[in-house]
Structures are given as structure tokens and as C-alpha cells.
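K.L.:
Would you mind keeping the following structure in view while I ask a few things?
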Amino acid sequence: MFVRVPRCVSTSFCRSRTLHASFPRRDLVGPPDPVSNLRPVIYDDTPAQSAPASHPYSLKEFTGDTREYQWKVQRQELDAYNHNFWADSNTRFNAALEARLSSLPADSTSYDRELAMSDFYGSWLAQEQDRLRAYNAEWRKRNWDNIVLEARVKYQKFMARIGLGSST
């Protein structure tokens, strides 16, 4: 069903609103985590509107297709995986850096500290190279799986909206 939209300055906005008449959704982004330095996201997943049922356990309110739920869970699992990896990595990095800097003599100059930090950063990257590669490969795989599942959910919703998809 199309909604009449008054003429406006931005024609692309007007065209997009004729196809989708609900309010735009907004995800919320929080402040950075002090350990992982990642900003948490609270997704705006508004539940689908269902017709009021005469019985609280009406089977018509459950679709039977779990793809959308699976996509939401998968998205949260990816965020948790990302957060856990970087929280662990940053904790280990900060502890190792502190140990390296504390091993310097008390009368060391700022130049000595800079050299020690430079050596530490190089050795840290060499030490963590395999771990970072494994994380990167796993994150890309999970992210791609998430994108594919989201596309299936969006396609299914689109087909249902234009009347070509099944309701279950």
C-alpha cells in the first residue's frame, strides 16, 4: 500500500517514504568500553505488529520461521565475540606494556622509554600475528554469514509485503 506524501525538497526522501511509511528505526550506540574500546550497540528491533488474538496462546501470532530471530541472535553473538577478543587482547597488551616499562631503570630518559616502547610494539605485533589472523578470518566468516542471513530475512519480508511470499 502506498502512502501519499506531500511534495518536498528532497525527492529521494519522498520516494523512499512512499514505499515505507513507518517511522525510521534507530540503533543506539553507547560510549566506548574502557577495556575493549568498542562502542556497544543497542539494536532497535521493534517487534512485528500482530493482530490481537482472542486467546493468549493463539498459534497465529507465531510464524514458525525462525530466520529473523536467528539473525538477531547471530548479530549479538558477533558483537560479543568482537568485544571479548578485544577486551582480552587489550588487557594482555596493557599488562605486557606495563611490565616492560616497569623493567626499565628508574633513571631512564624519555628517549630510553620511547625505544623500549618501540621495541615492545614490534615484538607484540610479531607475537600476536597468528592470533590476529585467526580472529580476522573468523570475524569475516561470521560477519559474512550474518550479512547473508540478513539479506534472506529482508528479502522474505519484501516478498511478503508485495504479496508474493508466504506468511510462514
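Please treat every number below as a calculation from the coordinates, not as lab data. Predicted, not measured: the structure shown is a model, and the values here were computed from it. Methodologically, a virtual Cβ is constructed for each residue, glycine included, from the backbone with ideal geometry; neighbour enumeration extends over all protein chains shown.
K.L.:
In nanometres, what is the gap between the two model label sites at Asn90 and Ala137, each 7 Å from Cα along Cα-to-Cβ?
P.N.:
Taking the two extended label points, one gets 2.6 nm.
K.L.:
Which residue, Pro32, Phe158, Ser108, has the largest displacement toward the positive end of the dipole of segment 26-161 when charges sit on each Cβ (Lys, Arg +1; Asp, Glu -1)?
P.N.:
The residue sitting farthest along the positive end of the dipole is Phe158.
K.L.:
What shape does segment 26-161 take by its C-alpha gyration tensor, where a ≥ b ≥ c are the square roots of the eigenvalues and a/c under 1.5 counts as rounded, a/b above b/c as prolate, and the rest as oblate?
P.N.:
On the way: a/c = 4.43, a/b = 2.96, b/c = 1.49.
Cα axes put segment 26-161 in the prolate bin.
K.L.:
What FRET efficiency do you get for Ser103 and Asp130 if R0 is 25 Å and r is their Cβ-Cβ distance, rounded to the nearest 0.05? Kindly include the intermediate steps, with their values, before the conclusion.
P.N.:
Numbers: r = 25 Å, r/R0 = 1.01.
For Ser103 and Asp130, the calculated efficiency is 0.50.
K.L.:
Ok, one more. If you project the alpha carbons of segment 86-168 onto their three principal axes, what span does each projection cover, largest first, in Å?
P.N.:
77, 20, 18 Å, listed from the longest principal axis down.
K.L.:
Can you count the Lys pairs in segment 26-161 whose Cα atoms are under 19 Å apart, with each pair 8 or more apart or on different chains? Could you put the intermediate results ahead of the total?
P.N.:
Working: Lys60/Lys157; Lys72/Lys141; Lys72/Lys154; Lys72/Lys157.
Value for segment 26-161: 4.
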